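Inspection log for the structure reproduced underneath, given as structure tokens.
FYI, it's all coordinate maths here, none of it is from the lab. Small disclaimer: the values here were computed from a predicted structure and weren't measured. Here Cβ is always computed from backbone atoms with ideal geometry, including for glycine, and neighbour counts include all displayed protein chains.
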């Protein structure tokens, strides 16, 4: 599934750029602006990976890395404008798993994150494999969805919901379970927000959103993705609206 990633960066533009690219990969991203907050959130939220800017206020990224490494095996990637060999070696010596210098390509950063997550066992080939349910295809690696071969553009949250459902077709997920699996750190998401995202998702992938063939409502429980042999118009408990 997607990873939970903490980004500690005091430059709002840089932080937003990293967040956008990682969310396109399907990850759940929490952004903080200083080293102390990074330590607090890593200890309380236990992310799958931390990206730390070296030059941060309160506590710098190197000290955060040193402290976290003493406490855990959390994968850590450092971001910095320092480019000398000694700077790179220092970061690696104190426990960083990778080191990216500024300016950097966001695509390269995303690739390095994937590599670290695979090495840590958070992502596997199975997690990145294309999910096929009937003529619906969900590609987590490319952040792409196709219906009958036709590409469909989804938002990060819509994609997250669909990926959760597509990994276990036929299984009913409560709204709370969808929030935990699809949105991760985004604790501001409410159950009624899930309903709104599902409505938008249906508009994009269903021939008739009022009579959904893929994303079914199970009244009193939540949502499921119809198995290939199932028909949303006749399945018990399925309905046309959230």
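GNM on the chain, alpha-carbon springs under 10 angstrom: the most fluctuating residue among 148, 170, 95 is 148.
Taking only DSSP H segments of four or more residues, each worth -39500 (n - 2.57), what value at 222 nm results for the chain once the sum is divided by all its residues, to the nearest 500 deg cm²/dmol?
After summing the helix terms and dividing by the residues of the chain, the value is -11500 deg cm²/dmol.
How tilted is helix 61-71 with respect to the longest principal axis of the chain? Cα atoms for both, answer in degrees (0 to 90, nearest 10). Taking the Cα atoms of the chain, the angle to 61-71 is about 70 degrees. Temperature 25 °C, viscosity 0.890 mPa s: under these conditions the Stokes-Einstein estimate for the stretch 133-185, based on its Kirkwood radius over C-alpha pairs, is 212 µm² per second. Counting neighbouring Cβ atoms within 10 Å and putting the fewest first, the residues 175, 142, 192 line up as 192, 142, 175. Rounded to the nearest 10 degrees, the inclination of helix 106-119 to the longest alpha-carbon principal axis of the chain is 80 degrees. Once the C-beta distance of residue 211 and residue 190 is scaled by a Förster radius of 22 Å, the resulting FRET efficiency is 0.25 to the nearest 0.05.
The ranking of 101, 153 by Cβ neighbour count inside 10 Å, starting from the fewest, reads 153, 101. For the stretch 129-225, the Kirkwood hydrodynamic radius from C-alpha pairs, put into Stokes-Einstein at 20 °C and a viscosity of 1.002 mPa s, yields a diffusion coefficient of 161 µm² per second. For the chain, dividing the convex hull volume of the Cα atoms by the residue count gives 120 Å³ per residue.
Taking Cα atoms only, the orientation of helix 35-45 departs from the longest principal axis of the chain by about 40 degrees. For the stretch 4-119, the spread of Cα positions along the three principal axes, ordered from largest to smallest, is 32, 32, 29 Å. Separation of the stretch 70-121 and the stretch 20-58 by C-alpha centroid, Å? One Cα centre to the other: 13 Å.
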